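*Asks:* After the structure tokens below, expect a handful of questions from me.
The values are calculated or read from the model by the stated rules, or taken from the named source; none is laboratory data. Quantities reported herein were computed from a predicted structural model and do not represent experimental measurements. Positions of Cβ are generated from backbone atoms using ideal geometry, with glycine treated the same way; all protein chains shown enter the neighbour counts. Remember, those area values only see protein heavy atoms, side chains included, never the ligands or the DNA or RNA. Shrake-Rupley method; radii C 1.70, N 1.55, O 1.52, S 1.80 Å.
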Amino acid sequence: MRTVDLIQRKRDGEELAPEEIEFLVEGYTNGDIPDYQVSSFLMAVYFSGMSDREVSRLTECMLRSGETVDLSAIPGHKVDKHSTGGVGDKTSFIVAPLAAAAGVVVPMMSGRALGHTGGTLDKLESIPGFRTNLSTEEFRKQLAELGLAFIGQSDELAPADRKLYALRDVTATVESIPLISSSIMSKKLAEGIDSLVLDVKVGNGAFMKKQVDARRLAQTMVGIGRRMDKKVQALITDMNQPLGYAVGNALEIMEASQTLQNAGPADLTKLSLELAARMIFLGKKAGSLDEARLIAEKHLVDGSGYKKLKQVVAAQGGNPQALDKFELLPNATGMREITSPRAGYVSVIDAEDIGVASNMIGAGRDKKEDAIDPAVGIILEVKVGEKVDAGSVLCRLYYTKEDKVEEAADMVEDAFRISAGKPDERELILEVVG
Ligand code: URA
């Protein structure tokens, strides 16, 4: 079998056989097939798509590229949550502790920044000392003790996703239903879950810009889960503006911490509570979804979710005090305000532009080997629908290096639209699939 022939066949829209997909995944994971050929293959998939059979096989091969964690010795239902990627999306740090505080076992394997979106692992690593590279044994032990652990893909767990994810990030091949589905489902199935809650984002800051595509992505992942005997439920949620106010690694940790102390933005709190409730219900800690909602809220209000996050941060080597004393987190050295050119209503905040601008000043990567600057990012001062005066501050850019600030500031300015009329309110949670 030759890689170049498989690239060509996928480029021409043909369906690949299971053993051909296996050849590609295995070859790339063990280093026999180089980045440039896999980049080309990914681009062919981006344009030609994949059949359900191909996606299932790709997911299975990626899952089998490493070990699968056996969590059967830990009592209770194991439930995780994953987002398809958004801007300012820090719900993982809120929902996972809330569900774990309610007694659900939450093995959470996450990814790094992808495209214009942020990554849970990069955000966590902005907490001084925090380790995401737990061994499988450490992961299992922490789950048994605390009911929650955050890890990334490794040489043992879903290594194919780790390599493909990093390559997609820098080859403009992220926004593809088969590639997103296989990436998410392979790592989620590797971590030993029983059930999964998915947050499928749609809108200008999501990889899926149209609800019909988001629905197809959700259905593909729910279908993969069903074939693997896992209960998967997907919420399709609005990503037409950043979630909450903070965008950027340490900045998002600060906002998540405030939200877990019941002092967070309304949209972030609402979505986090709903996702946590679904985890609690699927985790069999409530008899109905309504009861699960009350449980999630109780753990937010009484601070037990926040306490759980602090325990987990300490267990993974991080400084839990950084969740209260934000000066212990990396802090930017420069700040630039973006103001409104006129009075009116904020009618658009293009979340993709905000994400790209944040990456431009260092919150994301241009190349695989780039380091992230954990301190930088953007804090919105307004949300869609708010009234502003001419000269009102729309957002602030926090940076540590001057070189890209002008370009990023121009992009952020263009991300806002100020209109004479108040825009219609948009629903945050649009649909449930599964
Ligand atoms: N999250 C993932 O883990 N993979 C993707 O491809 C997109 C979002």
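*Asks:* Given SER182, SER135, SER154, which one is among the hydroxyl-bearing types (Ser, Thr, Tyr) and modelled with pLDDT of 95 or more?
*Replies:* SER182
*Asks:* Say we look at the range 44-89 and pick out the residues that are closer than 19 Å to ALA172 by Cα and part of a helix (DSSP H, G or I); which of these is most open to solvent (accessible area, probe 1.4 Å)?
*Replies:* PHE47
*Asks:* Search the range 303-336 for residues being without any contact (Cβ under 8 Å) to a residue 60 or more places away in the chain and touching a Leu at 6+ places or on another chain (Cβ under 9 Å), and hand back the single one that is surrounded by the fewest Cβ atoms within 10 Å (Cβ to Cβ).
*Replies:* GLN321
*Asks:* Of the conditions (1) more than 16 Å from ASP122 (Cα to Cα); (2) touching a Pro at 6+ places or on another chain (Cβ under 9 Å), GLY355 fails just one. Which one is it?
*Replies:* (1)
Here is a yes/no grid of residues against (1) within 16 Å of the ligand (Cβ to nearest atom); (2) touching a Cys at 6+ places or on another chain (Cβ under 9 Å); (3) within 20 Å of VAL247 (Cβ to Cβ); (4) open to solvent by 20 Å² or more (accessible area, probe 1.4 Å):
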{"site": "SER92", "(1), (2), (3), (4)": "yes, no, yes, no"}
{"site": "ALA99", "(1), (2), (3), (4)": "no, no, no, no"}
{"site": "GLY103", "(1), (2), (3), (4)": "no, no, no, yes"}
{"site": "ALA113", "(1), (2), (3), (4)": "yes, no, yes, no"}
{"site": "GLU137", "(1), (2), (3), (4)": "no, no, no, yes"}
{"site": "ALA144", "(1), (2), (3), (4)": "no, no, no, yes"}
{"site": "ILE151", "(1), (2), (3), (4)": "yes, no, no, no"}
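*Asks:* Being within 22 Å of the chain's Cα centre (by Cα) and charged (D, E, K, R) is the filter here, so list the residues in the range 40-96 that pass it.
*Replies:* The answer is GLU60, LYS78, ASP80, LYS81, ASP89, LYS90.
*Asks:* Taking the range 121-135, which residues are out of contact with any Gly (no Cβ under 7 Å at 6 or more places or on another chain) and either within 16 Å of the ligand (Cβ to nearest atom) or among the acidic types (Asp, Glu) (or both)?
*Replies:* ASP122, LYS123, LEU124, GLU125 - these are the residues of the range 121-135 that are out of contact with any Gly (no Cβ under 7 Å at 6 or more places or on another chain) and either within 16 Å of the ligand (Cβ to nearest atom) or among the acidic types (Asp, Glu) (or both).
*Asks:* Okay, next question. Would you check if there is a residue in the range 189-212 being more than 12 Å from the ligand (Cβ to nearest atom), free of Cβ contacts under 8 Å to residues at least 24 places away in the same chain and assigned to a loop (DSSP other than H, G, I, E, B)?
*Replies:* Looking through the range 189-212, at least one residue is more than 12 Å from the ligand (Cβ to nearest atom), free of Cβ contacts under 8 Å to residues at least 24 places away in the same chain and assigned to a loop (DSSP other than H, G, I, E, B).
*Asks:* Residues that are within 25 Å of MET208 (Cα to Cα), open to solvent by 50 Å² or more (accessible area, probe 1.4 Å) and either acidic (Asp, Glu) or over 19 Å from the mean Cα position of the chain (by Cα) (or both): does the range 344-354 have at least one?
*Replies:* Looking for residues that are within 25 Å of MET208 (Cα to Cα), open to solvent by 50 Å² or more (accessible area, probe 1.4 Å) and either acidic (Asp, Glu) or over 19 Å from the mean Cα position of the chain (by Cα) (or both), one finds at least one in the range 344-354, hence yes.
*Asks:* Could you tell me whether any residue of the range 159-168 is over 13 Å from TYR28 (Cβ atoms) and of a type in the set (Asp, Glu)?
*Replies:* There is no residue in the range 159-168 that is over 13 Å from TYR28 (Cβ atoms) and of a type in the set (Asp, Glu).
*Asks:* Tell me, please, whether a residue that is in contact with a helix residue (DSSP H, G or I) (Cβ under 9 Å, 6 or more places away or on another chain), touching a residue at least 24 places away in the same chain (Cβ under 8 Å) and assigned to a helix (DSSP H, G or I) can be found in the range 283-291.
*Replies:* no
*Asks:* Here is a further query. Return yes when PHE41 is free of Cβ contacts under 8 Å to residues at least 24 places away in the same chain, crowded, with 18+ Cβ neighbours inside 10 Å and assigned to a helix (DSSP H, G or I) and no when it is not.
*Replies:* No; evaluated as a whole, the condition is false for this residue.
*Asks:* While we're looking at this one, here's another question. Give the residue that is farthest from TYR28 (Cα to Cα), with candidates limited to residues of the range 54-90 that are among the β-branched types (Val, Ile, Thr) and within 13 Å of the ligand (Cβ to nearest atom).
*Replies:* Going through the qualifying residues, I end up with VAL87.
*Asks:* Looking only at the range 165-188, how many residues end up being more than 12 Å from the ligand (Cβ to nearest atom) and surrounded by 24 or more Cβ atoms within 10 Å (Cβ to Cβ)?
*Replies:* Final tally of qualifying residues: 0.
*Asks:* Evaluate the range 10-17: report whether one residue or more is surrounded by 15 or more Cβ atoms within 10 Å (Cβ to Cβ) and assigned to a helix (DSSP H, G or I).
*Replies:* Checked against the condition, which is being surrounded by 15 or more Cβ atoms within 10 Å (Cβ to Cβ) and assigned to a helix (DSSP H, G or I), the range 10-17 yields at least one hit.
*Asks:* Kindly indicate whether any position in the range 221-229 is over 23 Å from ILE94 (Cβ atoms), within 15 Å of the ligand (Cβ to nearest atom) and open to solvent by 10 Å² or more (accessible area, probe 1.4 Å).
*Replies:* Scanning the range 221-229, I find no residue that is over 23 Å from ILE94 (Cβ atoms), within 15 Å of the ligand (Cβ to nearest atom) and open to solvent by 10 Å² or more (accessible area, probe 1.4 Å), so the answer is no.
*Asks:* To continue, here is another question. GLY434 is checked against (1) open to solvent by 70 Å² or more (accessible area, probe 1.4 Å); (2) farther than 27 Å from ASN359 by Cβ and fails just one. What number does that condition carry?
*Replies:* Only one criterion in (1) open to solvent by 70 Å² or more (accessible area, probe 1.4 Å); (2) farther than 27 Å from ASN359 by Cβ is unmet by GLY434, namely (1).
*Asks:* Any chance the range 28-43 includes a residue that's touching a helix residue (DSSP H, G or I) at 6+ places or on another chain (Cβ under 8 Å), over 16 Å from SER182 (Cα atoms) and at pLDDT below 95?
*Replies:* Checked the range 28-43: no residue is touching a helix residue (DSSP H, G or I) at 6+ places or on another chain (Cβ under 8 Å), over 16 Å from SER182 (Cα atoms) and at pLDDT below 95.
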